[in-house]
Structure formats: structure tokens, C-alpha cells
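Notes for the one structure printed next.
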Amino acid sequence: EADIYQTPRYLVIGTGKKITLECSQTMGHDKMYWYQQDPGMELHLIHYSYGVNSTEKGDLSSESTVSRIRTEHFPLTLESARPSHTSQYLCASRDREDSPLHFGNGTRLTVT
Amino acid sequence: GNSVTQMEGPVTLSEEAFLTINCTYTATGYPSLFWYVQYPGEGLQLLLKATKADDKGSNKGFEATYRKETTSFHLEKGSVQVSDSAVYFCALRRVDTDKLIFGTGTRLQVFP
């Protein structure tokens, strides 16, 4: 069974604040991903990593940044949150190209 | 380019009704195709997949057949249950990368 954890589950924060969304997996997967999910449900890839010290931007431009210092940890940071950042953020991982993505339960972010 | 088109929801059915959720794709080469399901308050889970033409993926009573001639991967279930209420995402994995491209999702609501 997949073990990928995201915290916090819900976050309401004011404009201008710096936030970090946590994502950890205990499966030893090299590949990790961040998706932004619109209120209308559409998923957009915003960042991915193929291993330690490897990060790439995804298909949707995002003001967030990520880091991958440890295999199991892939945090996402917003330096200055804005209302346009309000969304659900889903973290995922996989071990091989032909294996399925394992998703966390998401962080629902609201910026007021 | 590569894209996935799903029928718009919500799809509303009575328990034991037949379900079809349409999915068509545009891609170069022969991508792998997937259906993911998102239950309320959770991340996405792989429901089924097919990796080549005429393959049929199946799981939990759901089926989908990879139709190259119609570039389709429609999801079907013969008799839905209330517990099937969720959002269903069709996705393809690009041949040139391992990134997934998701459709916009279709919400299914099953009433007793």
C-alpha cells in the first residue's frame, strides 16, 4: 500500500505569508511530483524530481519552488502567498516508468 | 500535441445502472492509458491501465479497452454502487517522457 503523506491537510493563510507544504514518502521512490488541482478538478503538473538534487518545472508555470535534499522529502514553498495561489496541491511519487503514481491526500490551501 | 478529453460531468446514476465515461486522446506514438479515481477528500488512486492497442484494463468491476482506431479509452461498469461516487480521471503517459497528462475529470454521483 502506498505511503505518501502531505501536511498540512488544510491551510488558511493571509496574503504575503511564506508557506511550505510538506510531502514525504516511505517507499524509497526516486520520482516525485507536485500537481495543482483547480476547483474545477483539472490537474496541472507544476514540479517534478527524478532524485536527490534534481528538480524541474512542470507544464504549468508556478511561482512556487521545490527542493529535494532527501529521497523521501519533496517540500513545496511559496515565498509570498497570494489569493491566486488558492488551490489543492497534490504530491505523488513512483519508482519506475511503468509503475503507477501514488498520490498523497493533498493540501487544500486558501489564501485570503 | 498530447491531450486527453473526457466527457463533462456530473454523471448522475441510480444504483445498479450501467456506467460509461467517455475518454478520447491525442498523442504521438502509442502512449499508455490510465483511469484514476479520486474519492472525496483523498488523493488519486490508479483504477486500471492499458499499455497497448486492444488491451483491456479491469479492476473492481470497471473496464476500459484501448482503442487505437478511435483513439478512445472509455470507462464502463455494468452495475454501479453508491460507493463508486467519486471523480474519475483519464490520463495518458507520453511516449517521450514519463509524465502523465490528465483529463479534466468526470464527477460520478450514484444515488440509492
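The values are calculated or read from the model by the stated rules, or taken from the named source; none is laboratory data. Here the structure is a predicted model, which is why all the values come from computation and not from measurement. Cβ placement follows ideal geometry from the backbone for every residue including glycine, while neighbour counts extend to all protein chains displayed.
Among the listed residues B:43, B:57, which satisfies the condition of being small (Gly, Ala, Ser) and more than 21 Å from residue B:3 (Cβ to Cβ)?
The unique qualifying residue is B:43.
Rundown of residues vs (1) out of contact with any Lys or Arg (no Cβ under 9 Å at 6 or more places or on another chain); (2) modelled with pLDDT under 95; (3) more than 11 Å from every other protein chain (Cβ to nearest Cβ), yes/no style:
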| residue | (1), (2), (3) |
| --- | --- |
| B:43 | yes, yes, no |
| B:47 | no, no, no |
| B:53 | no, yes, yes |
| B:57 | no, no, yes |
| B:64 | no, no, yes |
| B:73 | no, no, yes |
| B:84 | no, no, yes |
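Given the conditions (1) in contact with a Lys or Arg (Cβ under 6 Å, 6 or more places away or on another chain); (2) at pLDDT 95 or above; (3) under 23 Å from residue B:94 (Cβ atoms), which single one is not true for residue A:50?
(2)
So which of B:30, B:66 is among the aromatic types (Phe, Trp, Tyr) and touching a strand residue (DSSP E or B) at 6+ places or on another chain (Cβ under 8 Å)?
Being among the aromatic types (Phe, Trp, Tyr) and touching a strand residue (DSSP E or B) at 6+ places or on another chain (Cβ under 8 Å) holds for just one of B:30, B:66, which is B:66.
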